[in-house]
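Worksheet: the structure to be examined is printed underneath.
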Amino acid sequence: MNAHDYISDVLDYIERTSLGQVTFKQAATEILRALEPVLDREPKYIKHKVVDRMVMPERTNIFRITYANDKGEPESHYGYRVQFNSAIGPYKGGLRFHPSVNLDIIKFLGFEQIFKNSLTGLSMGGAKGGANFDPKGKSDGEIMRFCQAFMNALHEIIGDVIDVPAGDIGVGGREIGYMFGQYKRIKHRFEGTLTGKGLSWGGSLVRTEATGYGLVYFANEMLKKAGRGFEGLTCAVSGAGNVAIYTCEKLYQFGAKPVTVSDSTGYIYDAEGIDVALLKQLKEVERVGLREYSVRKAGSKFIPVSEYKPGRNGVWDVKCDAAFPCATQNEVSLADIEVLYNNGCRLLAEGANLPSTLDAMEFMAAKSDFLYGPAKAANAGGVATSGLEMAQNAAMESWSFEKVDARLQGIMKHIFDISYETSVEFGRPGDLVLGGNIAGFRKVADAMIDQGY
Ligand code: GLU
């Protein structure tokens, strides 16, 4: 059977068995279609039915989490941990707390994570988890009790050589702290079973900054390959969480200027450049909406979601040279990318997971003058630095900022190089979707074949 038909069969199988899981199907379509050239070239992958096996999580955990809110009432949510693939290392991937979380979302994220983690060159399998819990507006006490209730269910299935969760949307240092404390209480063990920990209890320098910094390091490699650089570029960034904040910070260090950030309420346009210290104060300390930025920073403008054109994400209306979606899935549609392109944007690198729709991805791939850095390569710096945190924990060491940052830069360069070289090997130079997916796939697929079934 040829690869195209084989992949069509696998996608049909997903359609039949993962009913209604449209985002998982979207992610699988992107990845599996990119694998066709390697499947045609190396028959062993189809012979061993590697792709059929990869699209099924090794283990899918769903549990109820009940905690007491501040009124003393029980509130219940769905908790998930999808342990997708452990061929090359213990399960690894973040936890997302957001009302949109469901099995579809966690499966798409977990599937992506397999390939992303493989690309880092470190030994980490793929997993993802979370809950349909909305942390917005919750008190610190409610967050703590929810995290503890979550860990009451999760502790049974994780461990430092089993599964090592970390943060994602809605889960940062505070939440990791509450979960780590509860794990330790229940298990009576101090072990690195979570990453993104505080610096005095096993965390790594640079982990907080890693996804954003890594994204800019990756985009810099893309620009270098095209004989260009960051100096003087105007950049549009979406999101206002950890990834967006440290993307803005690093863009300045490369001589570029971020002029936007966004959250669920709207976006900020600041022609002078985003004030990163103010953004950190609003989002990491006060935890308030972005309108407040425009109140405190003269000359900046807040555009609320209610003023976005129908079917559009307003933040992409801003004229820019480069775009960095750092908010969430499907935040760049075909209409959005057309506007960006027509306004002169020639680079898009993804800090969020799956921010571009399939037709937006096709649009970027078809433009020979456009540089596209897909998520699983471009945003792998976060999980890569989690891998470095695991290495430090195992060795009972704490590395310096410079050492971790240098390792992160090296890893991002490695991911770019291996993705680019693979795109050349398959006759599509610069197609990092093809190159990244194939490079990530080969390592995991070969390990699965070696380990039998
Ligand atoms: N949530 C991040 C990601 O999407 C980081 C996961 C981790 O550090 O384990 O890759």
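Details
- Among the residues of the stretch 365-387, those identified as aliphatic (A, V, I, L, M), crowded, with 24+ Cβ neighbours inside 10 Å and more than 9 Å from the ligand (Cβ to nearest atom) are A377, A378.
- The stretch 329-346: number of residues that are among the hydroxyl-bearing types (S, T, Y) and farther than 11 Å from F370 by Cβ: 1
- Residues satisfying the stated conditions in the stretch 81-101, i.e. within 20 Å of C147 (Cβ to Cβ) and away from the ligand (no atom under 14 Å from the Cβ): P99, S100
- Counted residues, the stretch 66-106 - those being loosely packed, with under 14 Cβ neighbours inside 10 Å and either at pLDDT below 95 or in a loop (DSSP other than H, G, I, E, B) (or both): 5
- Each residue in the stretch 181-196 was checked for being within 14 Å of the ligand (Cβ to nearest atom) and touching a Lys or Arg at 6+ places or on another chain (Cβ under 8 Å), and 2 pass.
- At least 3 residues being more than 17 Å from N2 (Cβ to Cβ) and either touching a strand residue (DSSP E or B) at 6+ places or on another chain (Cβ under 9 Å) or in contact (Cβ under 8 Å) with a residue 12 or more places away in the chain (or both) is the threshold, and among the helices (runs of 4 or more DSSP H) wholly inside the stretch 12-61 those reaching it are 22-41.
- Among the residues of this structure, R64 counts as one that is of a type outside the set (G, A, S) and more than 16 Å from the ligand (Cβ to nearest atom).
- Checking each residue of the stretch 231-243 against the condition of being within 22 Å of E331 (Cα to Cα), part of a helix (DSSP H, G or I) and modelled with pLDDT of 95 or more gives at least one match.
- As a summary of the residue check, L432 satisfies the conditions (1) within 23 Å of the chain's Cα centre (by Cα); (2) over 21 Å from A27 (Cβ atoms) except for the one numbered (2).
- Taken together, G202, G173, G198, G214 contain a single residue that is at pLDDT 95 or above, under 20 Å from the mean Cα position of the chain (by Cα) and surrounded by fewer than 23 Cβ atoms within 10 Å (Cβ to Cβ), which is G173.
- Verdict on S123 being part of a strand (DSSP E or B), surrounded by fewer than 23 Cβ atoms within 10 Å (Cβ to Cβ), at pLDDT 95 or above and small (G, A, S): no
Per-residue answers, yes or no, for (1) under 19 Å from the mean Cα position of the chain (by Cα); (2) crowded, with 24+ Cβ neighbours inside 10 Å; (3) within 16 Å of the ligand (Cβ to nearest atom):
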residue: F108; (1), (2), (3): yes, yes, yes
residue: N117; (1), (2), (3): yes, yes, yes
residue: K128; (1), (2), (3): yes, yes, yes
residue: K136; (1), (2), (3): no, no, no
residue: Q148; (1), (2), (3): no, no, no
residue: L154; (1), (2), (3): no, yes, yes
residue: G159; (1), (2), (3): no, no, yes
residue: I162; (1), (2), (3): no, no, yes
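- For the stretch 25-52, the tally of residues that are under 23 Å from the mean Cα position of the chain (by Cα) and farther than 23 Å from Q329 by Cβ stands at 0.
- Residue in the stretch 275-286 that is within 17 Å of D317 (Cα to Cα) and either in contact (Cβ under 8 Å) with a residue 24 or more places away in the chain or of a type in the set (A, V, I, L, M, F, W, C) (or both) present: no
- Count of the stretch 299-350 residues which are of a type in the set (F, W, Y) and touching a residue at least 60 places away in the same chain (Cβ under 8 Å): 2
- The lone criterion from (1) away from the ligand (no atom under 11 Å from the Cβ); (2) free of Cβ contacts under 8 Å to residues at least 24 places away in the same chain left unmet by I176 is number (1).
The values are calculated or read from the model by the stated rules, or taken from the named source; none is laboratory data. Since we're looking at a predicted model, the values are computed, not measured. Backbone-built Cβ (ideal geometry, glycine too); neighbour counts: all protein chains shown.
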